[in-house]
Amino acid sequence: QLVESGGGLVQAGGSLRLSCAASGRTFSDYTMGWFRQAPGNERAFVAAITWSGGKTYYTDLVKGRFTISRDNAKNTVYLQMDSLKPEDTAVYYCAADFRAETMTTVRRHYYWGQGTQVTVSS
């Protein structure tokens, strides 16, 4: 089970930190990712961190502004979002994939959280 938290309303230029708490499986065996879906758009990749923690991936849209990290002792993955823009407004979803080498596209077999709303006002 994946449970996201930390979403909310923030002004442009502000920051938010999303958290995704995992339970039920060995967290350290899973590559973790963040995806987002804005109204009328398809779900899209944001960031991922491999199960070994050695590699991170970002969409170009967030590079330099967002940082993904994980704490295996807390079974939690984080997404630190800085310099937020109105176009970052979306529902953000956490996803998990067993020992994946990468995680940059949407796949049905991922474990998904329920999502958390992020709204950035201009």
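The values are calculated or read from the model by the stated rules, or taken from the named source; none is laboratory data. Please read these numbers as outputs of a predicted model, since none were measured by experiment. Positions of Cβ are backbone-derived with ideal geometry, glycine not excepted, and every protein chain shown enters the neighbour counts. Surface accessibility is based on the protein's heavy atoms, side chains included, excluding ligands, DNA and RNA. Shrake-Rupley method; radii C 1.70, N 1.55, O 1.52, S 1.80 Å.
Residue pairs whose Cβ atoms lie under 6 Å apart, sitting 6 or more positions apart in sequence or on different chains, and linking a residue in segment 109-120 that is farther than 12 Å from MET32 by Cβ to a partner that is in a strand (DSSP E or B) and open to solvent by less than 20 Å² (accessible area, probe 1.4 Å), are THR116/GLU4; THR116/TYR92; VAL118/TYR92. Only one of the numbered conditions (1) among the small types (Gly, Ala, Ser); (2) open to solvent by less than 30 Å² (accessible area, probe 1.4 Å); (3) closer than 24 Å to SER122 by Cα is not met by GLY6, and that is (2).
Per the conditions (1) under 12 Å from the mean Cα position of the chain (by Cα); (2) open to solvent by less than 40 Å² (accessible area, probe 1.4 Å), the sole criterion not satisfied by TYR58 is (2).
Beta carbons closer than 7 Å, at least 6 apart along the sequence or on distinct chains, pair a first residue in segment 53-79 that is touching a residue at least 24 places away in the same chain (Cβ under 8 Å) and more than 12 Å from CYS20 (Cα to Cα) with a second that is of a type in the set (Val, Ile, Thr) and surrounded by fewer than 17 Cβ atoms within 10 Å (Cβ to Cβ) for TYR57/THR102; TYR57/THR104. Return only the number of the condition from (1) touching a residue at least 60 places away in the same chain (Cβ under 8 Å); (2) within 27 Å of LEU9 (Cβ to Cβ); (3) not basic (Lys, Arg) that ASP88 does not satisfy. Here ASP88 clears every test but (1).
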